[in-house]
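Note sheet for the following structure.
The values are calculated or read from the model by the stated rules, or taken from the named source; none is laboratory data. Computed from a predicted model, the values in this text were never measured in an experiment. Cβ coordinates were reconstructed from backbone atoms using ideal geometry, including for glycine residues, and neighbour counts include every protein chain displayed. Areas reflect the complete protein model, heavy atoms only, side chains present, ligands, DNA and RNA absent. Shrake-Rupley method; radii C 1.70, N 1.55, O 1.52, S 1.80 Å.
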Amino acid sequence: MKKILIAIVVVVIIIAAYLGRHSLKAMFVSSQPAVTTTAAPTTTQSATQAASPSDNIYLTKTNPTKGQYLTDFAGMTLYIFDKDSKDTSNCSGSCATNWPPYTSGAVAQKTFPANIGVITRADGTKQFTYNGMPLYYYAGDKSSGDTNGDGVGGIWHLVKP
């Protein structure tokens, strides 16, 4: 009787551990199996592992052909513009329509990682920067993991960590 009780307890523990692990995993697994996601600045995880928040500002994704690049916390790809200079955006008007600045939640604060900053654009809005370079989205990217803006005009590039 004692052996049966021990066996039942062991089976219950194994089932609980299995269900707990897979329930948590299902909540966080990326829907993009070809692109792996990791919280910056940690190392790349496998496609089946969960993304961890860095600080709700950016994540690092890895694409088999493009390597590592930055996305916003929702997984949308971020770009830099060759015509910008450190802490200065030179993309406005129709440029900013096609390449919307990454402004969501951009406020100056002391808790950002060392490589993240915030600038004030000519229109007064705040924009995130990475190593001083203003960050943008591409209007042609529709889903998390899209990198359609990389290389456009030879002046738009993925942000490499």
Scan of the range 112-161 for residues that are within 17 Å of SER94 (Cα to Cα) and hydrophobic (A, V, I, L, M, F, W, C), ordered by number = ALA122, LEU135, ALA139, VAL152, ILE155, TRP156
Looking at the range 141-161, which of its residues are buried (at least 17 other Cβ atoms within 10 Å of the Cβ) and among the hydroxyl-bearing types (Ser, Thr, Tyr)?
-> SER144, THR147
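Quick one: count up the residues across the range 56-79 that are in a strand (DSSP E or B) and touching a residue at least 60 places away in the same chain (Cβ under 8 Å). Spell out how you get there, then give the answer.
From the range 56-79, those in a strand (DSSP E or B) are 59-63, 67-71, 77, 79; that's our starting set.
Filter once more, so that each one left must be touching a residue at least 60 places away in the same chain (Cβ under 8 Å): 60-61, 63, 67-71, 77, 79.
Residues meeting the conditions: 10.
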Can you find even one residue in the range 107-129 that is out of contact with any Asp or Glu (no Cβ under 8 Å at 6 or more places or on another chain), closer than 17 Å to ILE57 by Cα, at pLDDT 95 or above and assigned to a loop (DSSP other than H, G, I, E, B)?
-> no
Which residue, of PRO101, PRO113, is under 21 Å from the mean Cα position of the chain (by Cα), in contact (Cβ under 8 Å) with a residue 40 or more places away in the chain and more than 14 Å from TYR69 (Cβ to Cβ)?
-> PRO113
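This table checks each residue for (1) open to solvent by less than 50 Å² (accessible area, probe 1.4 Å); (2) in contact with a Gly (Cβ under 8 Å, 6 or more places away or on another chain); (3) at pLDDT below 95; (4) small (Gly, Ala, Ser).
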{"residue": "VAL29", "(1), (2), (3), (4)": "no, no, yes, no"}
{"residue": "ALA39", "(1), (2), (3), (4)": "yes, no, yes, yes"}
{"residue": "ALA50", "(1), (2), (3), (4)": "yes, no, yes, yes"}
{"residue": "ILE57", "(1), (2), (3), (4)": "yes, yes, yes, no"}
{"residue": "THR77", "(1), (2), (3), (4)": "yes, yes, no, no"}
{"residue": "SER89", "(1), (2), (3), (4)": "yes, no, no, yes"}
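Could you list, in sequence order, the residues of the range 122-140 that are open to solvent by less than 50 Å² (accessible area, probe 1.4 Å), free of Cβ contacts under 8 Å to residues at least 60 places away in the same chain, of a type outside the set (A, V, I, L, M) and within 19 Å of MET76 (Cβ to Cβ)?
At the first step, the residues of the range 122-140 found to be open to solvent by less than 50 Å² (accessible area, probe 1.4 Å) are 124, 127-130, 132-137, 139-140.
Remaining after also requiring free of Cβ contacts under 8 Å to residues at least 60 places away in the same chain: 124, 127, 129, 132-134, 136, 139-140.
Pick out the ones that are also of a type outside the set (A, V, I, L, M) and you get 124, 127, 129, 132, 134, 136, 140.
Within the range 122-140, GLN127, THR129, PRO134, TYR136, GLY140 meet the criteria.
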